[in-house]
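Coordinate-derived values only; no laboratory data. Not measured: the values here are computed from a predicted model. Please note: Cβ atoms are built from the backbone with ideal geometry, for glycine as well, and neighbour counts cover all protein chains shown.
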Amino acid sequence: MPIPVPETARPAKTFDIRPSIGVSEEYSDNFNQTPTNKVSNFRSAVIPGLLVLVDLGLLTGQAAYYPTVFYDSSLDKADVNHAFSGQLTWQALPRLKLSASEVFTQGDEPSQADRLSLRTGRQQFISNLFDPYAVKGYYHLSTFSSGGELTATQTPGANASFTFLKSNRLTLGYGYLDSRTTSDIPGNDSTITGHQVTGTVSRDVTRDLTAGITAVYAVREEQKATGNTDLTRKSVSLFVNYVVPDLVIQGNIGVVQFEGGSLSGRPLLTTDSTISYYLGPAVLGLRLERGFSETFQQGQNFGIVETSSISGSVAYKFTPLLSGLITGGYRENKQTGEGGGQAGRTDKVISAGAHITYQIFRWLSASLDYTYTDLTSSNSLNSYVENLARAGLTASF
């Protein structure tokens, strides 16, 4: 249990409860995200919410729950989606902090289930991420269920950091992977296990610039009805972090190589770099991504996917009460078939969006969103174009 602290050191509010209520109207011209026989839909929703903040001195945390009660015109049906997130932190000792976090989502929005735009079509899913961790150790649990398929992944591991010669830092890490996918279709079950070792050396070159190198070695074994596959992943990358008042650059460039299966011996240039530039009331953003994604580590299992993308954004604060955001991007995904997914399937996604928020009163805000998505797939059944517009009001107390 937390060690009690003097009353004078405690905050005025040990528990802070903040309810909210929101309403929204959404229109989609391709609700089911299909290449033909498009169905338009109006979704009317009410979103009550509750945010609870806890501060007991050495024990702090927060929890938020937002159910969405909605009605779809195309189905003439009402239903409820759920979203919960929470975090708890205990400062057990001056140098030991224990934390745990939980994110639970039950819904049918593909964009909430998959950041890489691999998931298409509208169907219910349940996603759960549980992360209890300590300063040097961690344990991640991810479960994702949809369409008669369940993927459960456990990733325990540990990190240790050492500072030497004042401005240099060495970080060593180890992680174990256990991912199991079960399906209602006979023969589609699979298990992926493996180990990963990571080493990073960084140096504070100047007050504004940090640079370093990261090396990763990982082994994966896939077990399925058709046989077992052993994979080895080796990568090395250089990274820089440059931060000044008007510019933030976080960049890396490297090479990754898989051995085993269909990926043997093919090196790939990788990067995950972002640039943010602050120009008065505007913030300009650019992100470049290229590499392999092991999708079975979190969310639905599409196997090992080669992915690359470029995206940009412009955020502008017109007044203290009115702000806007414009986004756009292009992503290309190639499913390798290793670890899951459809070997040879390629998806190309063009997306654009606009978001406007207006703070009507301190407790009431209005928002207007528009999203355009054009997905072209080598499997024509997964191609679709969708225009989505949403207007909403949210009251927070």
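The peptide list 29-35, 322-328, put in order of mean Cβ contacts within 10 Å with the highest first, becomes 29-35, 322-328.
For the range 70-215, rounded, prolate or oblate, judged on the Cα gyration tensor with a ≥ b ≥ c (square roots of eigenvalues), a/c < 1.5 rounded, else prolate if a/b > b/c? Prolate, because a/c is 1.5 or more and a/b exceeds b/c.
Can you work out the FRET efficiency for the pair E109 and T14, with r the C-beta to C-beta distance and R0 = 56 Å, to the nearest 0.05? Efficiency computed from Cβ-Cβ geometry: 0.95. The range 227-245 and the range 87-148 have their alpha-carbon centroids 22 Å apart. Entry note, the range 1-127: relative contact order of 19 percent, from Cα contacts under 8 Å with a spacing of 6+ residues.
Secondary-structure-derived ellipticity at 222 nm for the chain, considering helices only, amounts to 0 deg cm²/dmol, per-run term -39500 (n - 2.57) for DSSP H runs with n ≥ 4. The structure shown yields volume of the Cα convex hull per residue in Å³, and of the options (1) 172; (2) 144; (3) 133 that calculated value carries the label (1). Applying both filters, DSSP loop and at most 14 other Cβ atoms within 10 Å, to the trypsin sites (Lys or Arg not before Pro) of the range 10-68 gives K13.
Can you classify the range 240-397 as rounded, prolate or oblate using the Cα gyration tensor, where a ≥ b ≥ c are the square roots of its eigenvalues, rounded means a/c under 1.5, and otherwise it's prolate if a/b beats b/c and oblate if not? It comes out oblate by the Cα gyration axes. Taking every alpha-carbon pair under 8 Å whose residues sit at least 6 apart, the chain reaches a relative contact order of 11 percent.
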